[in-house]
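In what follows, a structure is listed as structure tokens, so that the remarks can point back to it.
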Amino acid sequence: MRILGALTLIAALFGAGQAGAEDWQARAEKHSVELADFSFGAGETLPSVTMSYYTLGTPQRDADGHITNAVMLLHGTGGSGLSLLRPSFGDELFGPGQPLDLARYYVISPDNLGHGDSSKPSDGLRAAFPRYDYDDMVEAEYRMLTEGMDVQGLEMIVGTSMGCMQGFVWGEEHPGFARRLVPLACNVIEIAGRNRMFRQMIIDGFEQDPAYAGGNYAEAGDLKRGVAIWANALILAGSNPYRMQAEAPTREAAVDQLHAALERFTAHPADPNDTIYQFDASRNYNPAPRLSEITVPVLWINSADDFINPPGLGDPEAKAAEMPNARFVLVPASEETRGHGTHTWPMFWKDELETFLADNP
């Protein structure tokens, strides 16, 4: 089983399946590119880094052979390029006349550095793998596009959670490369407070597990304490209290639902080193001081039931106003929304995206 995005898995566990859904993952083409002599911001280097990615649609090229109709999707922490090719996302966006109509756009969905089939600690270096951060991940995405794909500009970046934050990094580090930014479910302030504490719980849970052995454990499942902390933390962080109350209105139902979710998590534990790196990669993130440099159109959407990005924290409306062409939207909480995972259910925000694209063709 391929692990879903860590912060969206809970939505899949508690959400219903979709009848008649399109299998976008099966339709996608998988590719990879090798990036030679990759330098990390902290000074470490690797002779080569692999970036794996998936594509849907048909590329259009200019006279120089550069792809001109690309849209890049950026997944969340612990996910992969397949995370945003699930029916809940693709069925609302990829079809004829929909916002990311594959007859118009060439969709690129990478496994980000440290994730999926791209280079990561579990490939062999384990805890000796360079400690990448979001800047390094964005640089790997940039080199993947420009060196490996003949993409010198994007029509749009749509990013969820970690990908949402990386969208803001893109806007500052590579201004104008993407004509439009659609960050979903994140903030623009330093990762501190409860958000960092939540991440540190997971990091400490693995690193302090007696079986961690400095990163040289035999099997992920051997770290029973770390896996339990990881699973419980994600269930809480990904939850929508209104939806969970409706689905588990009694004490017995709540306990049963929790235990069922824990069984699903622990049956397929994430690799501890990979997870530690993934959750720590946000440590240097803080685009707030430079937001005014992001001049392309931005549609920033959060949801009111998001445990990780609660309404009002960091005053996102004021932060959006610092960008000359940005709009902040807060999806109201309900028994139907998916908590932090609302970002991968366009049924709650597709109308905003349609308006945004009409206003910024």
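The values are calculated or read from the model by the stated rules, or taken from the named source; none is laboratory data. Note that this is a predicted model, so its numbers are computed, not measured. Because the Cβ atoms are built from the backbone with ideal geometry, glycine has one as well, and the counts that use them run over all protein chains shown.
Pairing each residue of the stretch 199-224 that is closer than 21 Å to ASP123 by Cα and in contact (Cβ under 8 Å) with a residue 12 or more places away in the chain with any residue that is buried (at least 17 other Cβ atoms within 10 Å of the Cβ) and of a type in the set (Val, Ile, Thr), provided the two are 6+ apart or on different chains, yields C-beta distances under 6 Å for ILE203/ILE276; PHE206/ILE276.
This table checks each residue for (1) within 27 Å of PRO241 (Cβ to Cβ); (2) of a type in the set (Gly, Ala, Ser); (3) touching a helix residue (DSSP H, G or I) at 6+ places or on another chain (Cβ under 9 Å); (4) at pLDDT 95 or above.
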site: TYR277; (1), (2), (3), (4): no, no, yes, yes
site: PRO287; (1), (2), (3), (4): no, no, yes, yes
site: GLU293; (1), (2), (3), (4): no, no, yes, yes
site: ASN302; (1), (2), (3), (4): yes, no, yes, yes
site: SER334; (1), (2), (3), (4): yes, yes, yes, no
site: TRP349; (1), (2), (3), (4): yes, no, yes, yes
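Only one of the numbered conditions (1) loosely packed, with under 15 Cβ neighbours inside 10 Å; (2) more than 30 Å from LEU223 (Cα to Cα); (3) modelled with pLDDT of 95 or more; (4) out of contact with any Pro (no Cβ under 6 Å at 6 or more places or on another chain) is violated by GLU322, and that is (1).
Taking the stretch 225-262 on its own, how many of its residues are within 15 Å of ILE203 (Cβ to Cβ), in contact (Cβ under 8 Å) with a residue 24 or more places away in the chain and not hydrophobic (A, V, I, L, M, F, W, C)? Residues in the stretch 225-262 being within 15 Å of ILE203 (Cβ to Cβ), in contact (Cβ under 8 Å) with a residue 24 or more places away in the chain and not hydrophobic (A, V, I, L, M, F, W, C): 2 in total. For the stretch 210-266, the tally of residues that are of a type in the set (D, E, K, R), surrounded by fewer than 14 Cβ atoms within 10 Å (Cβ to Cβ) and within 27 Å of TRP345 (Cα to Cα) stands at 2. If the condition is being closer than 15 Å to PHE348 by Cβ and outside any loop (DSSP other than H, G, I, E, B), then the stretch 292-336 contributes LEU299, TRP300, ILE301, ASN302, SER303, VAL329, LEU330, VAL331.
Applying the set (1) in contact with a helix residue (DSSP H, G or I) (Cβ under 9 Å, 6 or more places away or on another chain); (2) at pLDDT 95 or above to MET197 leaves exactly one unmet item: (1). For ALA140, the test of being hydrophobic (A, V, I, L, M, F, W, C) and at positive phi is failed. In the stretch 48-79, what residues are among the polar types (S, T, N, Q) and crowded, with 24+ Cβ neighbours inside 10 Å? Of everything in the stretch 48-79, just one residue is among the polar types (S, T, N, Q) and crowded, with 24+ Cβ neighbours inside 10 Å, namely THR77. Among the residues of the stretch 70-127, those that are part of a helix (DSSP H, G or I), closer than 30 Å to ALA213 by Cα and in contact (Cβ under 8 Å) with a residue 40 or more places away in the chain comprise PRO121, SER122, ARG126, ALA127.
Restricting the stretch 44-78 to residues that are small (Gly, Ala, Ser) and in contact with a strand residue (DSSP E or B) (Cβ under 8 Å, 6 or more places away or on another chain), the residue that is farthest from SER32 (Cα to Cα) is GLY76.
Residues that are surrounded by 17 or more Cβ atoms within 10 Å (Cβ to Cβ), in contact with a Gly (Cβ under 9 Å, 6 or more places away or on another chain), closer than 26 Å to ILE157 by Cβ and small (Gly, Ala, Ser) do occur in the stretch 279-299, at least one of them.
In the stretch 275-291, how many residues are in a helix (DSSP H, G or I), over 17 Å from GLN200 (Cβ atoms), in contact (Cβ under 8 Å) with a residue 24 or more places away in the chain and of a type outside the set (A, V, I, L, M, F, W, C)? Adding up the residues that qualify gives 1.
Applying the set (1) assigned to a helix (DSSP H, G or I); (2) under 30 Å from ALA128 (Cβ atoms) to PRO269 leaves exactly one unmet item: (1). Just one of (1) within 29 Å of TYR132 (Cα to Cα); (2) loosely packed, with under 13 Cβ neighbours inside 10 Å; (3) of a type in the set (D, E, K, R) trips up ASP204, so point out which. With (1) within 29 Å of TYR132 (Cα to Cα); (2) loosely packed, with under 13 Cβ neighbours inside 10 Å; (3) of a type in the set (D, E, K, R) applied to ASP204, the lone miss is (2). Taken over the stretch 81-101, the residue count meeting the criterion of being buried (at least 24 other Cβ atoms within 10 Å of the Cβ) and of a type in the set (Gly, Ala, Ser) is 3. Name the residues in the stretch 334-354 that are of a type in the set (Asp, Glu) and farther than 17 Å from ILE157 by Cα, would you? Within the stretch 334-354, GLU335, GLU336, ASP351 qualify.
When GLN257 is tested against (1) polar (S, T, N, Q); (2) at pLDDT below 95; (3) in a helix (DSSP H, G or I), just one condition goes unmet, and that condition is (2).
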